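I have placed the structure first, in the form of structure tokens, so that the comments after it can refer back to it.
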């Protein structure tokens, strides 16, 4: 039986993921581990742990029409652009991005950084899995990335 709504994820069971656990995906300078996905959360949310290499850029500026996105910086410092604002978020900082706000992040420091990322509602995590699979096959076709972006509510913007 599949989860049927908020609170029904994991068939009414708690989910425990040990340190270093989760479904891992990789992109250039970026590693993620999905801790709880849309299906497990009954469609309500997804949580991932991300590690961003020193000096690595995250995604280019983009927005989501449907998804709220949150970041809790666990280690290091991440640089965020949120609308017109630039934020240097050190370990312990929390950043919330509502739908419609153009945002991007990177690790400008000389040490790795990590964060916990959440999306409400869930489902968008499929983008990271599918892009990771495409990258494992070689450099993805830009048309494939555009198609996946549209499928998962990721709208890339100009700067």
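Would you mind pulling out the separation of the Cα centroids of the stretch 47-112 and the stretch 132-159, in Å?
19
Kindly express, to the nearest 10 degrees and within the range 0 to 90, the angle between helix 142-151's C-alpha long axis and the longest C-alpha principal axis of the chain.
With both axes taken from Cα atoms, the answer is about 50 degrees.
Just to confirm the number: angle between the C-alpha axis of helix 125-136 and the first principal axis of the chain, 0 to 90 degrees, nearest 10?
The answer is roughly 60 degrees.
Would you mind putting 68-74, 83-89 in packing order, based on average other-beta-carbon counts within 10 Å, highest first?
Order by mean packing, descending: 68-74, 83-89.
Please compute P(r) over all alpha-carbon pairs of the stretch 15-101, binned at 10 Å starting from zero, and give each bin as a whole-number percent.
Reading the bins upward from 0: 15, 45, 36, 5.
Give me Rg over Rh for the chain, both radii from the alpha carbons and Rh done the Kirkwood way, two decimal places.
Rounded to two decimals, Rg/Rh equals 0.95.
Per-residue counts of other Cβ atoms within 10 Å, averaged by peptide: what ranking do you get for 136-146, 45-55, 17-27, highest first?
In decreasing order of mean packing, 136-146, 45-55, 17-27 become 45-55, 17-27, 136-146.
If eta is 1.002 mPa s and T is 20 °C, what Stokes-Einstein diffusion coefficient results for the stretch 88-159, Kirkwood Rh from Cα pairs, in µm²/s?
For these conditions, the coefficient is 148 µm²/s.
If each of residue 141 and residue 74 carries a label point 7 Å out from its Cα toward its Cβ, how far apart are those two points in nm?
3.6
Using only the Cα atoms of the stretch 50-113, build the gyration tensor, take square roots of its eigenvalues as a ≥ b ≥ c, and label the shape rounded, prolate or oblate: rounded if a/c is under 1.5, else prolate if a/b is larger than b/c, else oblate.
Prolate is the answer for the stretch 50-113, as a/c is 1.5 or above and a/b outweighs b/c.
Given an 8 Å cut-off on Cα distances and at least 6 residues of separation, report the relative contact order of the chain as a percent.
Reported relative contact order: 25 percent.
Coordinate-derived values only; no laboratory data. A quick note: this is a predicted structure, and the numbers were derived from the prediction, not measured. Cβ coordinates were reconstructed from backbone atoms using ideal geometry, including for glycine residues, and neighbour counts include every protein chain displayed.
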